[in-house]
């Protein structure tokens, strides 16, 4: 039991001394709120991402690319609304950021409220990731 607790403590976030308190707080908050690193998911994973205003369907293609709501996009990650980006991560309470090949500036969604993985073969059922 003690070994499990020690392993868990090693995985807890530790503030980085070279980052501001605000940045460290945001990183910790993303760990508390939950989310998923896209690189940890296999290609062809389908996610439903509910923000305050919209529901996105994301199909992971691999190599950092995905289809979002049926249109090709390159996923940058999630942000707290500023210039700091948690790369290839989609997290609750954060804003999804992606790039469209025809626009220079990134597209930022409203706050993410829920992330669900859709099982293969059925997009009506889904499993909460975070």
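The values are calculated or read from the model by the stated rules, or taken from the named source; none is laboratory data. The shown structure was predicted, so the numbers you read here are calculated from the model rather than taken from an experiment. We place every Cβ from the backbone using ideal geometry, glycine too, and count neighbours over all the protein chains shown.
The figures follow:
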| quantity | calculated |
| --- | --- |
| Scope the range 88-104; condition touching a helix residue (DSSP H, G or I) at 6+ places or on another chain (Cβ under 8 Å) and surrounded by 19 or more Cβ atoms within 10 Å (Cβ to Cβ); matching residues | 89, 90, 91, 92, 94 |
| Check on residue 75, in a strand (DSSP E or B), closer than 30 Å to residue 22 by Cβ and at pLDDT below 75 | yes |
| Hey, residue 42 out of contact with any helix residue (DSSP H, G or I) (no Cβ under 8 Å at 6 or more places or on another chain), within 19 Å of residue 63 (Cα to Cα) and at pLDDT 85 or above or not | yes |
| Members of the range 60-93 that are over 13 Å from the mean Cα position of the chain (by Cα) and more than 19 Å from residue 108 (Cβ to Cβ) | 61, 62, 63, 70 |
| Conditions (1) at pLDDT 80 or above; (2) under 16 Å from residue 94 (Cβ atoms): number failed by residue 13 | (1) |
| Number of the exception - residue 25 against (1) outside any strand (DSSP E or B); (2) within 26 Å of residue 13 (Cβ to Cβ); (3) modelled with pLDDT under 85 | (3) |
| Subset of the range 94-109 (residues that are modelled with pLDDT of 80 or more, assigned to a loop (DSSP other than H, G, I, E, B) and either within 15 Å of the chain's Cα centre (by Cα) or closer than 20 Å to residue 53 by Cα (or both)) | 94, 106 |
